[in-house]
Amino acid sequence: APWAGPPADQLPKTPEELEDIASAVAKNFLYSHLDADTRRLLFEAMTRRAVCAGETIIRQGDRGDHFYVIEQGVFDVYINGVDGAEW
């Protein structure tokens, strides 16, 4: 069955939140082919997650089950090279 959208108990986004998300992903190829209704459905399904300084959000090689949009802050991103060194 096709995806029906966010859970019914999830609060709808404000117009400002929807605009912030749209602006954050405007140049992302994953969203470029979607029509406005589909984008809105996906944006409504997104949830906010606050993180603490120094917290690991995702590790390379872990199963990716979320798509992260950084609203504010600074994050370090490490990609392991073939020899295991970080660059």
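The table that follows gives values for the structure above.
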| read-out | value |
| --- | --- |
| Helix 36-45 axis, angle to the chain major axis (alpha carbon atoms, nearest 10°) | 60 degrees |
| Gain upon complete extension [residue 11, residue 48; 0.36 nm per residue less C-alpha separation] | 12.2 nm |
| Mean accessible surface per residue for the chain, computed with a 1.4 Å probe while every protein chain stays in place, in Å² | 89 Å² |
| Taking the chain and dividing mean pair separation by its residue count, relative contact order in percent (alpha carbons under 8 Å, at least six apart) | 29 percent |
| Acute angle (nearest 10 degrees) that the helix 15-24 long axis makes with the longest principal axis of the chain, alpha-carbon atoms | 40 degrees |
| Net charge of neighbours whose Cβ lies under 11 Å from the Cβ of residue 18, counting Lys and Arg as +1 and Asp and Glu as -1 | -2 |
| Relative counts (whole %) of C-alpha pair distances in the chain, using bins that are 10 Å wide | 12, 38, 34, 13, 2 |
| Dipole magnitude (debye, nearest 20) for the chain, charges at Cβ of Lys, Arg, Asp, Glu | 140 debye |
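The values are calculated or read from the model by the stated rules, or taken from the named source; none is laboratory data. Keep in mind the model is a prediction, meaning the values are calculated, not measured. So basically every Cβ, Gly included, is an ideal-geometry build from the backbone, and we count neighbours across all protein chains shown. When the accessible area is computed, the model is the full protein with side chains, heavy atoms only, and any ligands, DNA or RNA have been set aside. Shrake-Rupley method; radii C 1.70, N 1.55, O 1.52, S 1.80 Å.
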